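Below: one structure, written as structure tokens.
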Amino acid sequence: MARARAFYEALGWRGVGGTGGEPLFFQAGDMIVAVWDRSLLAADTGVEDNGGWGGITLAHNVGSRQEVDAVTEEARAAGATVAREPAEVFWGGYTSMILDPDGHPWEIAHNPAWPLDADGGVRLG
């Protein structure tokens, strides 16, 4: 985590968090880049880290819990595997985890602390 923080901060990004096993967040335009411990991310994502997984999970942030449910169902209908059904999470949000047909993990998330702008961009709260 310290190495990742040093690298991204040398690029001019300002990190938030990243202590005690929590993710390290960077605002990147309308997106947020999160850096996690690989084994914790694999466990949260629902993938087996057997060397074939790239260590990256994408997240799609939406404006409400109902949107998490709806997007999860749309993905399921389109052929995604739901690795984690929509549910409340320890940090106060509501998420699900899907795997696209190629096995790439996506978190579908509503984080009430991260408001979305009119174009759907997310901001660190």
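The values are calculated or read from the model by the stated rules, or taken from the named source; none is laboratory data. Nothing here was measured: the structure is a model prediction, and the numbers come from that model. Neighbour counts run over all protein chains shown; Cβ positions are idealised from the backbone, glycine included. Ligands, DNA and RNA are excluded from the accessible area calculation, which covers all protein heavy atoms including side chains. Shrake-Rupley method; radii C 1.70, N 1.55, O 1.52, S 1.80 Å.
Treat every Asp and Glu Cβ in the chain as -1 and every Lys and Arg Cβ as +1, leave all other atoms uncharged, and give the resulting dipole magnitude about the Cα centre to the nearest 20 debye. Display every interim value, and only then the final one.
Working: 8 positive and 18 negative charges, 97 e Å.
Dipole about the Cα centre, nearest 20: 460 debye.
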Point-charge dipole on Cβ atoms (K/R +1, D/E -1) for region 1-61, about Cα centre, debye to 20: 240 debye
Given Val71, Trp36, Leu116, which one lies farthest toward the positive end of the charge dipole of the chain, if we put +1 on the Cβ of every Lys and Arg and -1 on the Cβ of every Asp and Glu? Trp36
Give me the accessible area per residue for the chain, probe 1.4 Å, as a whole number in Å². 60 Å²
Of the residues Gly54, Gly20, Ala83, the Cα lying farthest along the dipole of the chain towards its positive end, which is defined by charges on the beta carbon of Lys, Arg, Asp and Glu, belongs to Gly20
According to the square roots a ≥ b ≥ c of the eigenvalues of the Cα gyration tensor, what is the shape class of the chain, taking rounded for a/c under 1.5, prolate for a/b larger than b/c otherwise, and oblate for the remainder? oblate
